[in-house]
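Below you'll find the structure, written out as structure tokens, and then a few comments.
The values are calculated or read from the model by the stated rules, or taken from the named source; none is laboratory data. None of the values given here were measured: they were computed from a predicted structure. Using ideal geometry, Cβ is built from the backbone for each residue, glycine included, and neighbour counts are taken over all protein chains shown. These accessible areas exclude ligands, DNA and RNA; they are computed on the full protein's heavy atoms, side chains included. Shrake-Rupley method; radii C 1.70, N 1.55, O 1.52, S 1.80 Å.
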Amino acid sequence: MNKEVGVINPTLPDYDDSFGEKPTHPDPNSHPSEVLSKKVFERYINKIAISGFGFTLQCGWEGVALTFQFAWLNGGPAAIVYGAVIAGIGSTLVAIALGEMASIDPTVGAQYRWSARFASRAPAFWGYMQGWITVIAWVCNCVAAMSVITNALSGLIIFNNPTYEPKGWHATLFLIALLIITVLLNFALRHVINRLEVIGGIYHIALFIAIITTLTRLAKRSTPEFVFKTLHADSGWDNPGIAFSIGMLSTAYPISSFDGVLHMIDETKEPRKQVPRAMFFATSSNALMQFAFCICLMFCIGDEEAVSKSILPIAEVFYSATGSKATSTAMVLMIAVMAQISNINVFASVSRLVWAFACDKGIPFHQYFTYASLNFFSNIHPTLQVPLPALVLVGTVCCLLSLINLGSATAFNALIALPTIALYISYIVPISLLTLRQLAGRHPRYGPWELGRWSIPIKICSLVYLIYVTIFVPFPTSRPVTSLTMNYAAPIFIGAFLIALGDWFMRGRKNFDIPTVALDQEVGN
């Protein structure tokens, strides 16, 4: 066993399938989803494109730019700067741990497949519950990612026209329009993805340089004491540790979607090598850029009062530096364009995850949607090379969820707060299960991305970070807590978990069809 982090193990070939020799033709006795992937999916995503896919999907510094107002009252500059350090290190460790599992078992189902394969008991139960958690998290994440852009658009309108009064249906229309555009663009993803990810990656870096340069040259400087020693606790949380922990979530969320790359595994060349590398590159590079942007942002914050009162503080930061509302608006729109490129990748990733779960008969009412004796949502368009039914299903559900904003903005905000807690739990489960197996000396057959003696320490450190973030995600952002300021993410997650549990007993335990053959292929120490 190699003992260096991330080295390529020359003793194992880079299999394209999960566990076993690469077949010339699909085995008719293989699991349905594995047969489908070998028959239909083409491996057309090269190593540059898959790295660019994860790089632009996370979109770290742009996410902080459009959402840092949530950290301003909780923690302030200290939470943003030091939070970026904690989130960057923690996120990279998680990406490395997941990358090792992707190299062991490159599968679109990722967390739910791994939970089943690494569980010592009741593998189907663990896989099924994890599948529900992961799918719900990612579908809600689609809505959350879109809402960031719609909030920015509403903020820009107010920034340029202070008399504008935003209504719930305005944001809903913006969101549905963006959803439709994103779904339609995904139809052609097969033909443009290699070029799109290269262009998106270049734009991601070029925009970063342009924004940093503009702020450092034009903005009034803050003092180092303000940047590194100021801790705001203006939200009602008297305990500075709690205020800091809530504030740092603004730096954790933008780089939390570590598994987005995993769902593109069946379309990636040399997935055992390239997917772990792409995850590490995407997360570590976004973490570094996010940290640099946070430092720059705090040194160039400008008018603190205007920032604290604005619905879109980044526009006020740009305005303080440039003195031009037109220039500031253009800069925010350029960031929004990058966020939309990220959303294209998010929808591509989620559609593949839903496709995989449908192949395993995890989607409710799958028996009523059949085509050629197969689940309708497990079909892939032969020309577009896109899981079209799954993609349309994700878009439709997101449109329906956006309608919640018409009735209650509080309920909608609770819904979009759900992805962070659900995604982090979806990472905790498989990492914990594999770590327990390793501690017991029941090692799987490792792939090319092998962590060696660092495997268990990295997983334990990543679990500490994940648990820390998960604890503070459900905290209300301000006190006293009212029905309008309550954070409903935890109750909604518990409700979703109970629904999944009920579906397991009513349907899943009889119908869920997940392969666990990998459990029999282990090696000792």
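Here are Pro271, Pro254: which of them is within 30 Å of Asp105 (Cβ to Cβ), buried (at least 24 other Cβ atoms within 10 Å of the Cβ), in contact with an Asp or Glu (Cβ under 8 Å, 6 or more places away or on another chain) and at pLDDT below 90? Even if it seems obvious, please write down each step before you answer.
Numbers: Pro271 fails: at pLDDT below 90.
The conditions single out Pro254.
Matching residues to (1) modelled with pLDDT of 90 or more; (2) in contact with a strand residue (DSSP E or B) (Cβ under 8 Å, 6 or more places away or on another chain); (3) closer than 30 Å to Gly54 by Cβ; (4) surrounded by 16 or more Cβ atoms within 10 Å (Cβ to Cβ):
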position: Thr163; (1), (2), (3), (4): no, no, no, no
position: Arg190; (1), (2), (3), (4): no, no, yes, yes
position: Ile205; (1), (2), (3), (4): yes, no, yes, no
position: Glu225; (1), (2), (3), (4): yes, no, no, no
position: Ser235; (1), (2), (3), (4): no, yes, no, yes
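Does the stretch 287-339 hold any residues that are over 28 Å from the mean Cα position of the chain (by Cα), on the phi < 0 side of the Ramachandran plot and free of Cβ contacts under 8 Å to residues at least 12 places away in the same chain, and which are they?
Correct list: Glu304, Glu305, Lys309, Ser324, Ala326, Thr327.
For the stretch 276-298, give me each residue that is closer than 18 Å to Met248 by Cα and either in contact with a Leu (Cβ under 8 Å, 6 or more places away or on another chain) or surrounded by fewer than 19 Cβ atoms within 10 Å (Cβ to Cβ) (or both). Let's see the steps before the verdict.
Our first condition is that a residue be closer than 18 Å to Met248 by Cα; within the stretch 276-298, this holds for 283-284, 286-298.
Across the stretch 276-298, the qualifying residues are Ser284, Leu288, Ala292, Ile295, Cys296, Leu297.
Would you call Thr470 closer than 23 Å to Ala110 by Cα, β-branched (Val, Ile, Thr), touching a Phe, Trp or Tyr at 6+ places or on another chain (Cβ under 7 Å) and open to solvent by 10 Å² or more (accessible area, probe 1.4 Å)?
Working: closer than 23 Å to Ala110 by Cα: yes; β-branched (Val, Ile, Thr): yes; touching a Phe, Trp or Tyr at 6+ places or on another chain (Cβ under 7 Å): yes; open to solvent by 10 Å² or more (accessible area, probe 1.4 Å): yes.
Judged against the criteria, Thr470 is a match.
Leu215 fails exactly one of the following numbered conditions: (1) surrounded by 18 or more Cβ atoms within 10 Å (Cβ to Cβ); (2) farther than 19 Å from Ile344 by Cα; (3) of a type in the set (A, V, I, L, M, F, W, C); (4) at pLDDT below 95. What is the number of that condition?
With respect to (1) surrounded by 18 or more Cβ atoms within 10 Å (Cβ to Cβ); (2) farther than 19 Å from Ile344 by Cα; (3) of a type in the set (A, V, I, L, M, F, W, C); (4) at pLDDT below 95, Leu215 is out only on (4).
Any chance you could count how many residues in the stretch 442-461 are outside any loop (DSSP other than H, G, I, E, B), touching a helix residue (DSSP H, G or I) at 6+ places or on another chain (Cβ under 9 Å) and either at pLDDT 95 or above or open to solvent by less than 60 Å² (accessible area, probe 1.4 Å) (or both)? If you could, list the steps in order and put the result at the bottom.
Of the stretch 442-461, the ones outside any loop (DSSP other than H, G, I, E, B) are 443-444, 450, 452-461.
Add one more test, that the residue is touching a helix residue (DSSP H, G or I) at 6+ places or on another chain (Cβ under 9 Å), and what stays is 443-444, 450, 454-456, 458-461.
Now drop any that are not either at pLDDT 95 or above or open to solvent by less than 60 Å² (accessible area, probe 1.4 Å) (or both), which leaves 443-444, 450, 455-456, 458-461.
Selection size over the stretch 442-461: 9.
Applying the selection to the stretch 233-283, what residues are over 14 Å from the mean Cα position of the chain (by Cα) and of a type in the set (Val, Ile, Thr)?
Ile242, Ile246, Ile265, Thr268, Val275, listed by residue number.
Could you go through the stretch 303-311 and let me know if any residue there is crowded, with 24+ Cβ neighbours inside 10 Å and touching a Ser or Thr at 6+ places or on another chain (Cβ under 8 Å). Walk me through it before giving the result.
Going through the stretch 303-311, the residues crowded, with 24+ Cβ neighbours inside 10 Å turn out to be none.
No: the stretch 303-311 contains no residue that is crowded, with 24+ Cβ neighbours inside 10 Å and touching a Ser or Thr at 6+ places or on another chain (Cβ under 8 Å).
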